[in-house]
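Trainee: Before I ask anything, here is the structure I am working with.
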Amino acid sequence: MEIVCPAGTPAALRAAVKAGAHTVYCGFADETNARNFPGLNFERAEMREGVAFAHAHGAKVLVAINTFPRAGDEALWHQAVADAEASEADAVILADPGLLDYAKHSHPELRLHLSVQAAAANADVINLYAQSFGVKRVVLPRVLSVQEIAAINAEIEVETEVFVFGGLCVMAEGRCSLSSYATGQSPNMNGACSPASHVEYHDVRGVLDARLGGYTIHRVGKDEPAPYPTLCKGCFSAGGKSGHLFEDPVSLNAEHLIPQLQKAGVTALKIEGRQRSRSYVAQVVRNFRAAVDALELGRPMPEGMLAQLSEGQATTAGAYKKTWR
Amino acid sequence: MQLTVGPNQFFWPEDRWAQLYEDLAETTIDRVVLGELVCSKRLPFYQNRIPEAIARLKAAGKQVVLTSLALVTLKRERKLTAELIEMGVEVEINDLTTLAYLPDNTVFSVGPLVNVYNESTLRWLASRGANRICLPPELPLKSVGILATAGADLGVAIEVWGHGRVPLAISGRCYHARLHGRTKDNCQFACEDDADGLSVRTLDDQPFLAMNGVQTLSDSHACAAHQVGALARAGVAALRLSPQSGDFAQICRLYRQLLEGELNGEAVVTALKALDADLRLSDGFLTGDRGADWSGQRPQAGDI
């Protein structure tokens, strides 16, 4: 199985490749990609150099252009697709039907992957994207169980890629405007969710409140670690109950499901985290590469290898287990 | 400008559900989208009332449209979606999956939960047979204007979210079930007690969101009363009103009076608050810094 690793910077790209990544994904330093964070992502020249470095080491590079182009400003996204092809990237990862249609007609040689931001959650819609735009691979949304992934693979011709480690969206990806409602910054339009620019911490008599857009969604004792206030992992009250009503502050770890995902026909395992450091990326890559190599050789899987990387957070297998719903 | 009533997003008992369409048949609206948008498990409870509601609305001269589900994953849901077209009325797609089942040359409309952010996507949907698109609620007025112009060139009517709690997210997980310590498969219909969704409050007890099964909505009701002038000038064809409990037919009448110039935006807001003193309004997606913002009492440039 192919390990697909995030790279937020050229240094992270080189670290991932050296650590054994089969494929690295990254984006340009603007609003065309869904991890549009300050100080992150690639200038055009860096992308060309990054692709050359990866290719020299036998690895591939995918360029994520997976926000939804703004009406009247589509040229910015079109340029990103053209520049990705010019940098000799192996594929672009797109979500917007209009941009897919543009890429299909204007860049017929360019390989297209469907981003998780398109939330293509069943075989019929995946086949529609394949037939309409010639998409070759689909990144599956994180709402599906392993059994459902196997059933999808039995009904489609294109490859599937699934998330196995890192941040976990609990809402259907690309179909969530919670952040936009609270802060004005939207994953779909701006490539940003629960942005740091709208986070405030308030120390109120020994209690630390974390607010996003003025909404208090975390409260901890002064000496406890203060989690980042991501909306869907915040603390709320409803119907007389309070707590993490949407999702606990957990991250995804599906390492123990790798053999099942392989049986389900999955082509590639994706690691989330273009915002992560190169040492984090390198360590995650090494561990996942060891796991898939063991699997290919019929050896037992190394276990619990990534626990310490989840930042002391609890981890979950997410929707891969049906009871998550 | 036309008035469209969107699908009821909540889980109501069948008699109450049927009464909504009985009332709407008597109300001066142009178009009604009905059917199940949020959760396929709700449908069996009122499914047998749908033909009667369609017939009643058609007899009253309304355009009637059936919505698809917002998120199609299960085999049962795929089958359900494929069968929509057999009902003999126009279909509104709220998940692109539905496109896979529409025969060639079928004319359809596109709901607010399909991501139409730009001219290219609009053009692609038009080439597939779309004749009307209700834009995603998070789009700002500037984008609405550009898309309304593009729509006019392609013969696609553009509709905008005008009133009601805003659908902000859809998930594979049921939050109502989770709140009650259950899973989606064993939800025991935890969402049926909350006719407008369940209020979700922050740690400061500030109303923020509303939980509706697998869907998450805004606490505030969007209200485009102050923007209808600007929307009309931009070439928007219709305003969408989303059903809620209370006197929804009266809410529809207020917006009709607004469009006819009989009431101005401020008068509509005053009348809405008279119906429900606790109603919190927002129009920030159209003209504010963020969705939750409300332009408030200030007279708006777009007011008529």
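Trainee: Considering only DSSP beta bridges with both partners in the protein assembly as shown, what is the antiparallel share in %, to the nearest 5?
Mentor: 40 percent
Trainee: Mind checking the mean number of beta-carbon atoms from other chains within 10 Å of the Cβ atoms in B:93-104? Intermediate values should be presented prior to the final figure.
Mentor: Working: counts 0, 0, 7, 9, 9, 3, 5, 10, 2, 0, 0, 0.
Mean shielding by partner chains, rounded to a whole number: 4.
Trainee: Label B:Asp278 and A:Arg44 with points 7 Å out from Cα along Cα→Cβ: what is the distance between them in nm?
Mentor: 5.6 nm
Trainee: Answer rounded, prolate or oblate for region A:193-243, using the Cα gyration tensor with square roots of eigenvalues a ≥ b ≥ c: rounded when a/c is under 1.5, else prolate when a/b is larger than b/c, else oblate.
Mentor: oblate
Trainee: Applying a 10 Å radius around every beta-carbon, put B:206-214, A:33-41 in order of their mean neighbour count, most first.
Mentor: So the peptides B:206-214, A:33-41, ranked by packing, come out B:206-214, A:33-41.
Trainee: While we're here: So between A:Met301 and A:Ala86, what do we pick up on full extension, going 0.36 nm a residue minus the alpha carbon distance?
Mentor: Gain in length upon complete extension: 73.5 nm.
Trainee: To continue, here is another question. Take the alpha carbon atoms of region B:216-275, find their center, do the same for region A:141-195, and report the distance between the two centers in whole angstrom.
Mentor: That distance is 33 Å.
Trainee: Shifting gears a bit: Could you give the distance between the Cα centres of region A:1-69 and region B:56-89, to the whole Å?
Mentor: 42 Å
Trainee: Residue by residue through B:107-119, how many Cβ atoms from other chains fall within 10 Å of the Cβ on average?
Mentor: Average neighbour count from other chains, rounded to a whole number: 4.
Trainee: Ok, one more. How would you classify chain B from its alpha-carbon gyration tensor, with a ≥ b ≥ c the square roots of the eigenvalues: rounded for a/c under 1.5, else prolate if a/b is greater than b/c, otherwise oblate?
Mentor: Taking the square roots of the gyration eigenvalues as a ≥ b ≥ c, chain B is rounded.
Trainee: For A:Leu128, what charge total do you get from the other residues with a beta carbon under 14 Å from its beta carbon, if Lys and Arg give +1 and Asp and Glu give -1?
Mentor: So the environment of A:Leu128 carries a net charge of -3.
Trainee: Per DSSP helix of 4 or more residues, -39500 (n - 2.57); summed, then divided by the residues of chain A. What does that give at 222 nm, rounded to the nearest 500?
Mentor: -9000 deg cm²/dmol
Trainee: Averaged over peptide A:90-103, how many Cβ atoms belonging to another chain are found within 10 Å of each residue's Cβ?
Mentor: Mean inter-chain Cβ contacts per residue within 10 Å come to 4.
Trainee: Using a Gaussian network model of chain B with C-alpha springs under 10 Å, which one of B:Ser218, B:Ser40, B:Ser242 is most mobile by mean-square fluctuation?
Mentor: So, out of B:Ser218, B:Ser40, B:Ser242, the one fluctuating most is B:Ser40.
Trainee: At q = 0.11 Å⁻¹, what base-10 log of I(q)/I(0) does the Debye formula yield for region A:1-123 when every alpha carbon is treated as an equal point scatterer in vacuo?
Mentor: Values, matching the q order: -0.33.
Trainee: Mind checking which of B:Pro112, B:Pro136, B:Pro13 has the largest fluctuation in a GNM of chain B, springs on alpha carbons under 10 Å?
Mentor: B:Pro13
Trainee: Just order A:128-139, A:220-231 by mean Cβ neighbour count inside 10 Å, highest at the front, would you? Working shown, then result.
Mentor: Details: A:128-139: 20.0, A:220-231: 14.9.
Averaged packing, sorted descending, gives the order A:128-139, A:220-231.
Trainee: So, one more: Determine, for each peptide in A:43-50, A:164-171, the mean count of other beta carbons within 10 angstrom over its residues, then list the peptides with the highest first.
Mentor: Numbers: A:43-50: 17.1, A:164-171: 24.2.
Output ranking for A:43-50, A:164-171: A:164-171, A:43-50.
Trainee: Could I ask something else about it? From largest accessible area down, sort A:Ser87, B:Ser199; use a 1.4 Å probe on the protein chains.
Mentor: These residues rank, largest area first, as B:Ser199, A:Ser87.
Trainee: Moving on. Using only the Cα atoms, what convex hull volume per residue in Å³ does region B:155-264 have?
Mentor: On the way: hull volume 15.9 nm³, N = 110.
With only Cα atoms used, region B:155-264 gives 145 Å³ per residue.
Trainee: Determine the percent antiparallel among the DSSP beta bridges restricted to chain A, to the nearest 5.
Mentor: Among the beta bridges of chain A, antiparallel pairing accounts for roughly 35 percent.
Trainee: Taking only the Cα atoms of the protein assembly as shown, how large is their convex hull per residue, in Å³? List each step's numbers first, then the result.
Mentor: Values: hull volume 91.4 nm³, N = 629.
Dividing the Cα hull volume of the protein assembly as shown by its residue count gives 145 Å³.
Trainee: Under a point-charge model restricted to the Cβ atoms of Lys and Arg (+1) and Asp and Glu (-1), what is the dipole moment magnitude of the protein assembly as shown relative to its Cα centre, in debye to the nearest 20?
Mentor: Computed about the Cα centre, the dipole is about 1080 debye.
Trainee: Filter A:Lys136/B:Lys79; A:Lys263/A:Lys322; B:Lys62/B:Lys184 down to the pairs with a C-alpha to C-alpha distance above 28 Å, please.
Mentor: Pairs exceeding the cut-off: B:Lys62/B:Lys184.
Trainee: If the elastic network links every pair of Cα atoms under 10 Å, which of A:Gly27, A:Gly214, A:Gly234 fluctuates the most in the Gaussian network model of chain A?
Mentor: So, out of A:Gly27, A:Gly214, A:Gly234, the one fluctuating most is A:Gly214.
Trainee: What is the sum of charges, Lys and Arg at +1 and Asp and Glu at -1, for the other residues whose Cβ falls under 12 Å from the Cβ of B:Ser282?
Mentor: -2
Trainee: Restrict the search to region A:77-124; then list the GluC sites (Glu not before Pro) that DSSP places in a loop and that have at most 11 other Cβ atoms within 10 Å of their Cβ.
Mentor: A:Glu109
Trainee: For region A:124-191, state which GluC sites (Glu not before Pro) are in a DSSP loop and have at most 10 other beta carbons lying within 10 Å of their beta carbon.
Mentor: Details: sites: A:Glu148, A:Glu155, A:Glu157, A:Glu159, A:Glu161, A:Glu173; in loops: A:Glu157.
Taking region A:124-191 and a limit of 10 other Cβ atoms within 10 Å, the loop GluC sites (Glu not before Pro) found are A:Glu157.
The values are calculated or read from the model by the stated rules, or taken from the named source; none is laboratory data. Note that this is a predicted model, so its numbers are computed, not measured. Cβ atoms come from the backbone with ideal geometry, glycine included; neighbour counts cover every protein chain shown. Surface accessibility is based on the protein's heavy atoms, side chains included, excluding ligands, DNA and RNA. Shrake-Rupley method; radii C 1.70, N 1.55, O 1.52, S 1.80 Å.
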